Amino acid sequence: MTNAIDLHLFKDISPIQIVILIVIKVYSVSNVSPNVLIKIARLIEHKHVVDPDHQSLIVLSDLESLRQFFNDEACFNQLSAMLSSIQSIEDLDRVMKEFKELVNHEELNDNAKKFTTSSLFGAFILQTCTFYEQLDFHQTICLYQSLDQFRGTQPASNKGELERALDAQLAKFNLNPPNEVHVSTSKPYLDQLINEQVTILETFGTPTPPYLKEIMRLMSSTRGSIENMGFNHVPNYYYLLYLENLANLDYNGAVDSLHQYFDYMVSNNSKYFYHFALISKASLHQYFGEDQKAIDSIEEAVSVARENKDNATLTYILSWFCNFMHHKPHLWANQSLFNKTSGDNLLEFIIKKSSSVNQSLLAVNLGFETIHMMNNSQRVATYMANLVKTMYVAVNDSKATFSRSAAISSTAWDRLGIASLSEVYSDIALDYSENSSENITLEAKRLYHQFQKGVNCEEAYLQISSLSPHDSSLRNAIRIQTLLMQIKLYLQQKRLRKAKEVIDVLISSNIKDIAVRSEVFLLEIEIDIEYENYTQALSKINKMRYCDDYTVLKLHLLKCQIFNRSGAVPLSLLLQVISLSKNYGFASLLVEATILLFSTLHKHGYDEEVKKFADSIMPIAFTYGDENLIRSALEIVK
């Protein structure tokens, strides 16, 4: 919609409510399809119309939009006929009295359906008629004019000779009235519309359509006000702007919008929304890499929640903080909420709290704990038992919670080397995240993992390159993944100079995600090894800090590769990596370390020992499904 918008915003009653009353009137005297009745009920409850293909809101601003919405010609024709019969304010008064009679059983004829005052339709009729009776004369004129604009202009064939002559003269001098779209609705309806758009943006990542942006802009301006009624006190409008600016990586715009939202909440002494604004502020700083400011904001939010004895919000804030610190372990020394230097006590505390507060938070926190256990020296039986608890809680909660928990299950089974189960849970996570922004993240993760295992690499690279999310941050994350894939392709092709050029770009790009940063660091070491810069590679390995146990074993494995290439036999370190990988269920490291051991033994002529041990490792390699590792193993044991 590119036309200018002429917004008429009413306090309580607008043309759309009258349209709903007309449909109820039609239903009272004839048959109306259940599909139309369901849509009318949703409109009464302020549940807005969402386009299923684009996950965007549709504003019912004229008869044509109503025709498409109802998708029922019989009902629409009766609605259109009744709207056409309202040719004056007196006609509007008359039909409003007729609507009210639908709940007055004494005055209703026997052929019409009856509505009680406690029913959805009956309560809506009484409420709307009461609002209409409270309008003064000027407001009634405005409502009638808006209703006239809603039903559209008169067809040329129905115009008189004088009207047609005037239209011709206006066209001759290019003085036709501007082609504006008239939107007439009530403030509560548009307040709810903004809330719905916030939900859509958070869930699907779909940007606000331009025509909705214009409507919301007009809501906060002097235009669109009636009877000096101000509409600038719409806090969620500023929160929506904050989300839009965040998605576009507009730091200044996001800060300004959030501060406007924040100021409104503070001025209204809204304590609940006060710490919600603080959480949003922390998320903003975290989003743009301002870690210390994020910690300061979350500490203030914790203080407010404790002051108000709001355990539910406190648990949510600490869950956010736990996830934040999981990705920023080097910041434990910079926070004052917990004295410990790890998240063990924090996880234990929030799991205990969330079990009595919120099932979604409990599932999320159990998932955090599972990942924490998996990466930090816990036995397989321990973290798999925790995974079962996570899935049990999630399966009884929302689709979003179940999808996230399924993604964690996919990671756990992949770490154990059971590729088939990992793929099953990955598919479940994708199916249950359908039509949400999380779906793109999971799809990118699946394709990247497929590429890492050497399965249809070229196809995976093309598919991940074709993903085009609306969110700028997600778009950048996918771009980084494609660059990592390029580096690995260059390493396979021995194009070391090109690999070095791309890795230098990534190193200078200030990546915030610690997992991605670690992967870039590991690839940088691999490039040094390929260049035979062994001293430099070992120096980088020794300098790496804040690693979980999985990454530590990966670094030890890289050390073994360096020693092996330089002629030393790193048997003790290599056997330690194999033993620990087996104990902790790190299948990929177990296979990779065993292949390196086979290579070392093969170099020294111990072929019989290689073939003997191959029977124990090859089934694990095939079950894990990494084509690169399988190929390397087969070359040695053949």
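Just so it is clear, none of the values below were taken in a lab; they were calculated from the coordinates. Everything numeric in this text was worked out from a predicted model, so none of it was measured. Positions of Cβ are generated from backbone atoms using ideal geometry, with glycine treated the same way; all protein chains shown enter the neighbour counts.
Structure summary
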read-out: Listed pairs K328/K445; K11/K293; K213/K445; K281/K540; K293/K582 exceeding 31 Å between Cα atoms; value: K11/K293; K213/K445; K281/K540; K293/K582
read-out: Trypsin sites (Lys or Arg not before Pro) restricted to DSSP loop in the stretch 334-425 with at most 11 other C-beta within 10 Å; value: K340
read-out: Positive dipole terminus of the stretch 333-465, leading residue within Q450, V388, S420 (C-beta point charges); value: V388
read-out: Loop-located GluC sites (Glu not before Pro) in the stretch 338-438, at most 12 other Cβ atoms within 10 Å (DSSP); value: E434
read-out: Ascending count of other beta-carbon atoms within 10 Å, so fewest first, for I317, I24; value: I24, I317
read-out: Summed residue charge, Cβ within 10 Å of S297's Cβ, Lys/Arg positive, Asp/Glu negative; value: -2
read-out: Anchor K113: aspartates and glutamates whose Cα lies under 18 Å away (excluding residues fewer than 8 positions away in-chain); value: E98, E101
read-out: Summed side-chain charge close to K389 - residues other than K389 whose Cβ falls under 15 Å, Lys, Arg +1, Asp, Glu -1; value: -1
read-out: The stretch 501-548: trypsin sites (Lys or Arg not before Pro) in DSSP coil with no more than 10 other Cβ atoms inside 10 Å; value: R545
read-out: Net +/- balance of residues flanking R404 in space, Cβ distance below 15 Å, scoring K and R +1, D and E -1; value: -4
read-out: Reachable lysines from K498, criterion Cα separation under 17 angstrom, eight or more residues apart if same chain; value: K488
read-out: Spatially proximal lysines relative to K353 (Cα-Cα < 22 Å; intrachain offsets below 8 disregarded); value: K271, K309, K340, K389
